[in-house]
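The values are calculated or read from the model by the stated rules, or taken from the named source; none is laboratory data. Since this is a predicted model, take the numbers as computed values, not measurements. Neighbour counts run over all protein chains shown; Cβ positions are idealised from the backbone, glycine included.
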Amino acid sequence: MNTSIYIAKRYLFSRKKMHAINIISGISMVGVLIGSAALIIILSVFNGFEEVILSLYSNFTPEIKIEPRLGKTFDPNTAYFSTLQHDNRVFSYTEVLQEKALLKYSNKPFIGTIKGVSDDFLKNPQLDSIVQSGSFTLKMAGQHFAVIGSAIQSSLSINVHDQFSPLTIYSPRRQVGSGSNPLNEFVVRSITPAGVFAVGQDFDDAVIAPIEFVRDLLEQPKNVSSIEINYKKGTDLSSVQQAIQKKIGNTFTIKNRIQQNTELYKTLNYERWFIFLILTFVLIIAIFNIIGSLTMLVIDKRKDIAILTSLGANKQLIQGIFFFEGMMISILGCIAGIVLGLIFCILQQRYGLVKMGSKMTVLDAYPIALRLSDFGLVFLTVSAIAVIASGISARLSIKGLIDIKQDL
């Protein structure tokens, strides 16, 4: 065993009477333990929130979305789109036609988005998970129904259980003629709300309806705004996206889920890294306390240092003792903190120890998602800070070495 490591271990795990130095070193280790555990727990909670939020968005956003690069609509009745629709890997192929429209309910107005979808939209098995009230029903007994976003429901006070109060939708006519009645410039249609969904503020101002109803409303018998495709499990979406882009060229944009929700992913990543940096600063303060404890250890071991140098120990060996002492305190504190954080996260996953504090939320307790990369990140962060702090302490240990020998 390396001489410096051996002596550092004896200093740290001395079985003799407890000195103030040992107590200070223990406090420093506890500080690193708490900081490491906090990092693991906070990162895991953010991972949990990220998975919950993205799962909600994934329930509503397709894996691949095709939109025209120029203009609002395009003709989907081409040979390539027909081939794409009948691809064996495709789980659902949804034609979408959407536009802004004026919504009225009980004489209350609201500007929202009317989104018409083809039948494959209902193949998504997770749609029921975003429904707050009613059901996700678009067609029944030859009648068209709509599912509205929670923002519309709260603004217009829509009662989805009242079948006698339909939602009225106004859309400007494509061919506007001159007339004395302004209402003649709008296509007006009514539809019965069947349910209310909640995903996020980017989606909750929309009305989902059958595409046939929206075609009639917008006077658009053929074109669509986009095509939304979901694939069967195991499909390589990256290669699929590249293949589609290569086939249809630059006249269309093909977006995956991340590209459809760029701001959401950026926000989640920024929040996660800001919290990580804040806790890292706390961890830096805890680890740099080691400098103080090692400085006091140097003072306490002045005679030992002098004896070692008299026996031929060089500066590198003396520095190594206090460097490894600092590293041991940090690494042991980090490992204990990681284990403590892991135990807490597992208990939170199974038993929901810490509640959200609101019965109206979708989640009862704070969500947890463990990732191996977080454990590696925390360990490397603590190790890097510990190397710097221990290096500073080691350099201080040889200052005044000549004076120590003379005092002996």
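Quick check on Ser165: is it in contact with a strand residue (DSSP E or B) (Cβ under 8 Å, 6 or more places away or on another chain), over 30 Å from Val32 (Cα atoms) and either among the hydroxyl-bearing types (Ser, Thr, Tyr) or assigned to a helix (DSSP H, G or I) (or both)?
So Ser165 passes the test.
Anything in segment 59-85 that is crowded, with 17+ Cβ neighbours inside 10 Å and either not in a helix (DSSP H, G or I) or not aliphatic (A, V, I, L, M) (or both)? List them, or say none.
If the condition is that a residue be crowded, with 17+ Cβ neighbours inside 10 Å and either not in a helix (DSSP H, G or I) or not aliphatic (A, V, I, L, M) (or both), then Phe60, Thr61, Pro62, Glu63, Ile64, Lys65, Ile66, Glu67, Thr73, Phe74, Pro76, Phe81 are the ones that fit.
So is Leu283 part of a helix (DSSP H, G or I), more than 52 Å from the chain's Cα centre (by Cα) and buried (at least 16 other Cβ atoms within 10 Å of the Cβ) or not?
The answer is no for Leu283.
Is it fair to say Gly234 is buried (at least 20 other Cβ atoms within 10 Å of the Cβ) and of a type in the set (Gly, Ala, Ser)?
No; evaluated as a whole, the condition is false for this residue.
So, in segment 214-224, how many residues would count as being more than 13 Å from Val96 (Cβ to Cβ) and in contact (Cβ under 8 Å) with a residue 60 or more places away in the chain?
2
What is the number of the single condition among (1) of a type outside the set (Lys, Arg); (2) in a helix (DSSP H, G or I); (3) over 17 Å from Ala394 (Cβ atoms); (4) in contact (Cβ under 8 Å) with a residue 24 or more places away in the chain that Ile291 does not meet?
For Ile291, the exception is condition (3).
Give segment 105-137 a look and list any residue that's more than 22 Å from Val90 (Cα to Cα), in a loop (DSSP other than H, G, I, E, B) and not polar (S, T, N, Q), or say none.
Phe136
In segment 303-321, how many residues are within 26 Å of Ser383 (Cβ to Cβ) and in contact with a Phe, Trp or Tyr (Cβ under 9 Å, 6 or more places away or on another chain)?
1
Here is a list: Asp128, Asp120. Which entry is crowded, with 17+ Cβ neighbours inside 10 Å, in the same structural domain as Lys232 (by TED's automatic domain parsing) and without any contact (Cβ under 8 Å) to a residue 60 or more places away in the chain?
Just one listed residue meets the conditions, Asp120.
I'm trying to understand the selection: among the residues of segment 98-129, which are touching an Asp or Glu at 6+ places or on another chain (Cβ under 9 Å) and under 22 Å from Asn223 (Cα atoms)?
Of everything in segment 98-129, those that are touching an Asp or Glu at 6+ places or on another chain (Cβ under 9 Å) and under 22 Å from Asn223 (Cα atoms) turn out to be Gly112, Thr113, Ile114, Lys115, Gly116, Val117, Ser118, Asp120, Phe121.
Does any residue in segment 302-316 that is free of Cβ contacts under 8 Å to residues at least 60 places away in the same chain and surrounded by 13 or more Cβ atoms within 10 Å (Cβ to Cβ) come within less than 8 Å, Cβ to Cβ, of a residue that is of a type outside the set (Phe, Trp, Tyr) and outside any helix (DSSP H, G or I) six or more places away or on a different chain, and which pairs are these?
none
How many residues are in contact with an Asp or Glu (Cβ under 8 Å, 6 or more places away or on another chain) and either at positive phi or of a type in the set (A, V, I, L, M, F, W, C) (or both) if we restrict to segment 77-97?
1
Asp204 is checked against (1) surrounded by 12 or more Cβ atoms within 10 Å (Cβ to Cβ); (2) outside any strand (DSSP E or B); (3) more than 23 Å from the chain's Cα centre (by Cα) and fails just one. What number does that condition carry?
With respect to (1) surrounded by 12 or more Cβ atoms within 10 Å (Cβ to Cβ); (2) outside any strand (DSSP E or B); (3) more than 23 Å from the chain's Cα centre (by Cα), Asp204 is out only on (3).
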